[in-house]
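J.: Sharing a structure with you now.
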2 protein chains.
Amino acid sequence: MNDRIDEITNNLSRKRISESTIRRLSLYYRALSLLEKEGYETVSSKELAKREKLTPAQVRKDLSFFGSFGTRGLGYPVAELRRQLAAILGIDRQWQVALIGVGNIGSALVGYKEFVRQGFQIVKLFDNDQRKIGSNHKGIVVSDIADLESELKADSIEMVVIAVPATVAQYIVDDVVNAGIKAILNFAPVNLRVPSDVYLRNENMSMELEYLSFAIVNQHAQKRVRT
Amino acid sequence: MNDRIDEITNNLSRKRISESTIRRLSLYYRALSLLEKEGYETVSSKELAKREKLTPAQVRKDLSFFGSFGTRGLGYPVAELRRQLAAILGIDRQWQVALIGVGNIGSALVGYKEFVRQGFQIVKLFDNDQRKIGSNHKGIVVSDIADLESELKADSIEMVVIAVPATVAQYIVDDVVNAGIKAILNFAPVNLRVPSDVYLRNENMSMELEYLSFAIVNQHAQKRVRT
DNA sequence: ATTATATTGTGAACGTTTTCACATAAAGGT
DNA sequence: ACCTTTATGTGAAAACGTTCACAATATAAT
């Protein structure tokens, strides 16, 4: 019964999974959720690839890193593969997320349904602005950032989203790291230093517009890309 | 006097610039802006690499695709290189951007300062909600999405940001494409179809949280990555 | 002038990721 | 039972991206 789990563990510990593969896993997961809703029981690598603008070989290779989920001649079982991917991505559970910085971007993220849909629940808000502290955003009362460390620990938060101005982001991150958080998503347009056991991802929205701008200005230069 | 421009053009038309290189150009640009503010006249590939967590060789190779900007023994002229990169990225000008969908994410983006700082000005808002149409967001009156085509053309908009629900995103994109727009940044968590001459980038914020979740759940598996 | 030091620009080596191509195997039709 | 079709899983090849290593060249010190 635990063969699959062993297999996954084995594969994971032996092979190196690339960042691109993991990102595509998210895409597959999303596509499978949709396919399941549409009533499909199985799906081929060809169809999955088409929906996410990839190649069938890529899909098969990506999945093969984690096990053999398909049936030759038939394809992959939609519901089952979705479940498997959820487990692999670690989104077969709820994650308690704290959000720091209830400004422009911050407030938008509080109500971002896609987070909830994937199991990420923002359960705590922090800000340093006295006018915001104590106020209520979608049912969550904003805490004083001065209480960051104690409150993060008290609520056993595992992930933090940072949406503060670039100038103060490093100080905030240092506090977050001190509170023992190991996973941070940063929206501030600045490069943050974290110890090597802390996972940090940066979300830089204007970078994407810059890419578009480059593409327009240099029509000829780069390849069409699958975003 | 136009040697540099010719050189850039030549390099661009001959070589293939990878997506990663372009994304790093954005990082260099940001780092250079900061260095300039800090008063530096020159910067070495070593220092630039350190600031963006890359290798000096990477920095030099990336820049070398576009020309020879540095001086051996000295490094790169900060202000000059910043200007050059702005020109390469196409952000040495203002871009008129329209934003469709004044919901959660949409409203946040209207006031997102980093966009403005890089030359992207949101000058038009659209929504289909009667309660929102006509209302004012940061000085911009929300237009009816029914007038999309005519209004986009009238205001010579060149880029569009889509922040509508996933279920309607494809219809909106079709309209946007019909209006002649060639560059689209999509925040809806769905894969959109566009003709091959339209540049489309997707911003998927929960994908980043999923990556963090994967990283925590599979500590051992993937390499530390530079986000 | 000469030498030491710093640092670029780049071809070649290396490593990683993607794609190819095919053996394998399940399902369905005859 | 056999053949045809469909489609996976995966080594091997190809393509791509990164790093190495060093010649070239500028500056600074003596």
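J.: Test A:VAL123 against the stated conditions and say whether it is open to solvent by 40 Å² or more (accessible area, probe 1.4 Å) and either more than 14 Å from chain B (Cβ to nearest Cβ) or away from DNA strand C (no atom under 16 Å from the Cβ) (or both). Break it down into steps so the answer makes sense when it comes.
T.: Values: open to solvent by 40 Å² or more (accessible area, probe 1.4 Å): yes; either more than 14 Å from chain B (Cβ to nearest Cβ) or away from DNA strand C (no atom under 16 Å from the Cβ) (or both): yes.
So A:VAL123 passes the test.
J.: Residues in segment A:156-165: is at least one farther than 15 Å from A:ILE184 by Cα and modelled with pLDDT of 95 or more?
T.: First, pick out the residues of segment A:156-165 that are farther than 15 Å from A:ILE184 by Cα: A:165.
Retained after the next criterion (residues that are modelled with pLDDT of 95 or more): A:165.
Scanning segment A:156-165 turns up at least one residue that is farther than 15 Å from A:ILE184 by Cα and modelled with pLDDT of 95 or more.
J.: Another question, if that's okay. Within segment B:16-101, which helices (runs of 4 or more DSSP H) (wholly inside it) include 2 or more residues that are within 15 Å of DNA strand D (Cβ to nearest atom) and not assigned by TED's automatic domain parsing to the domain that holds B:GLN118?
T.: Working: elements: B:19-37, B:45-51, B:56-64, B:78-89.
Per the criteria, B:19-37, B:45-51, B:56-64.
J.: Can you name the condition, by its number, that A:HIS137 falls short on among (1) more than 14 Å from chain B (Cβ to nearest Cβ); (2) at negative phi?
T.: Among (1) more than 14 Å from chain B (Cβ to nearest Cβ); (2) at negative phi, A:HIS137 violates only (1).
J.: Can you confirm whether A:ALA163 is of a type in the set (Gly, Ala, Ser) and surrounded by 13 or more Cβ atoms within 10 Å (Cβ to Cβ)? Give the derivation first.
T.: Numbers: of a type in the set (Gly, Ala, Ser): yes; surrounded by 13 or more Cβ atoms within 10 Å (Cβ to Cβ): yes.
Yes: the conditions hold for A:ALA163.
J.: So how many residues does segment B:143-200 have that are in contact with a Leu (Cβ under 8 Å, 6 or more places away or on another chain) and small (Gly, Ala, Ser)?
T.: Final tally of qualifying residues: 6.
J.: Limited to segment A:28-51, what total is found for residues that are open to solvent by less than 80 Å² (accessible area, probe 1.4 Å) and touching a Pro at 6+ places or on another chain (Cβ under 7 Å)?
T.: Here the count works out to 4.
J.: If we only count strands (runs of 3 or more DSSP E) wholly inside segment A:140-223, which ones have 1 or more residues that are within 8 Å of chain B (Cβ to nearest Cβ) and free of Cβ contacts under 8 Å to residues at least 24 places away in the same chain?
T.: On the way: elements: A:140-144, A:159-162, A:183-186, A:199-202.
Hits in segment A:140-223: A:199-202.
J.: Something else about it: With B:LEU85, B:LEU81, B:LEU54 as the choices, which residue is surrounded by 17 or more Cβ atoms within 10 Å (Cβ to Cβ) and over 22 Å from B:GLY119 (Cα atoms)?
T.: On the way: B:LEU85 fails: over 22 Å from B:GLY119 (Cα atoms); B:LEU81 fails: over 22 Å from B:GLY119 (Cα atoms).
Sole residue among the options that is surrounded by 17 or more Cβ atoms within 10 Å (Cβ to Cβ) and over 22 Å from B:GLY119 (Cα atoms): B:LEU54.
J.: Related question: Tally the residues that are in contact (Cβ under 8 Å) with a residue 12 or more places away in the chain, away from chain B (no Cβ under 12 Å) and away from DNA strand C (no atom under 14 Å from the Cβ), restricting the search to segment A:64-95.
T.: So the count comes out to 6.
J.: Quick one: how many residues across segment A:175-217 are closer than 16 Å to B:ARG23 by Cα and among the basic types (Lys, Arg)?
T.: 1
The values are calculated or read from the model by the stated rules, or taken from the named source; none is laboratory data. Just so it is clear, the structure is predicted and the values come from calculations on it, not from any experiment. So basically every Cβ, Gly included, is an ideal-geometry build from the backbone, and we count neighbours across all protein chains shown. Just so you know, the surface numbers come from the protein's heavy atoms only, side chains and all, with ligands and any DNA or RNA stripped out. Shrake-Rupley method; radii C 1.70, N 1.55, O 1.52, S 1.80 Å.
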